[in-house]
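Comments concern the structure below.
Values quoted throughout were computed directly from the atomic coordinates according to the rules given, and no laboratory measurement underlies them. Computed from a predicted structure; not experimentally measured. Cβ placement follows ideal geometry from the backbone for every residue including glycine, while neighbour counts extend to all protein chains displayed.
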Amino acid sequence: MPKRAPPSRIKLSWQLKIELLDVVPTVWRRLVVPETIKLPKLDRVIQNAFGWTNSHLHEFIIGGVEYAYPDPDLAEELEHVDETRVVLLDALGLQARCFDYVYDFGDHWHHVAIVEDRHIQTSPTSPIYCRAGENACPPEDVGGAPGYAEFLEVLADPDHEEHKHYVTWSGGNFDPKRFDLDAINHALAKVKI
């Protein structure tokens, strides 16, 4: 009698709604990720989904524990747990429903992630994708939420003395309401698990 292959483990995905706090208009993404994603990969997913350029440090705050990529220059000051091998499921557990992600300790872009749903992975080609979202992410180094508010105010006022400078600095076509689901999913397809 031929041996049967052992049944494969059912792979589960989590649907996360991640919102950037303290900015108007509200910026959020609804992402689907494997429950076994490691935190460094989740960082890449968030970076790609929001349009950040991975130019700054980040941290995850999960159950009161601060996880980050080890930085020897800041190890004593920040006291982070090394995120390198930490799996989201292990850090969060099955009962917790939210965690925080902070990007750029200077601008302090604070995101909150809510676990909305768990389901069987249905996409064999890409276990990571964005289902929905709204609005453009602020530009890097704009000065955090207060700087972003000022940036939008100046862009909206062609008579402001800094208007031309801000238009040039932002590449000339910044639209705070822009959200391109196809472009986000194209970027997320490049993140390998």
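One chain, two ends: Ile61 and Trp169. Fully extended at 0.36 nm per residue, the span grows by 35.7 nm beyond their Cα-Cα distance. With only Cα atoms counted, region 135-193 has Rg and Dmax values of 14.0, 48 Å.
The dipole here belongs to region 86-135: it is taken about the Cα centre, uses +1 on the Cβ of Lys and Arg and -1 on the Cβ of Asp and Glu, and is about 240 debye.
For region 57-193, a crude dipole built from +1 on the beta carbon of Lys and Arg and -1 on the beta carbon of Asp and Glu, taken about the Cα centre, is about 1000 debye to the nearest 20. Expressed as a fraction of 2.2 N^0.38 Å, the C-alpha radius of gyration for region 104-163 is 1.69.
Between Thr26 and Gln121, the distance separating the two model label sites (each 7 Å from Cα on the Cα→Cβ line) works out to 3.1 nm. So what is log10(I(q)/I(0)) for region 59-186 at q = 0.17 1/Å, when the Debye sum runs over its Cα atoms only? For region 59-186, the Cα-only Debye profile gives -1.10. Once both labels are positioned 7 Å from their Cα atoms along Cα-to-Cβ, the gap between Cys98 and Glu134 label points is 1.7 nm. In square nanometres and to one decimal, what's the mean projected area of the convex hull around the Cα atoms of region 33-117? Its Cα hull, projected and averaged over all orientations, spans 5.5 nm². Once the chain from Glu161 to Val112 is taken as fully extended at 0.36 nm per residue, the excess over their C-alpha distance is 14.1 nm. Between Ala183 and Glu153, the distance separating the two model label sites (each 7 Å from Cα on the Cα→Cβ line) works out to 2.7 nm.
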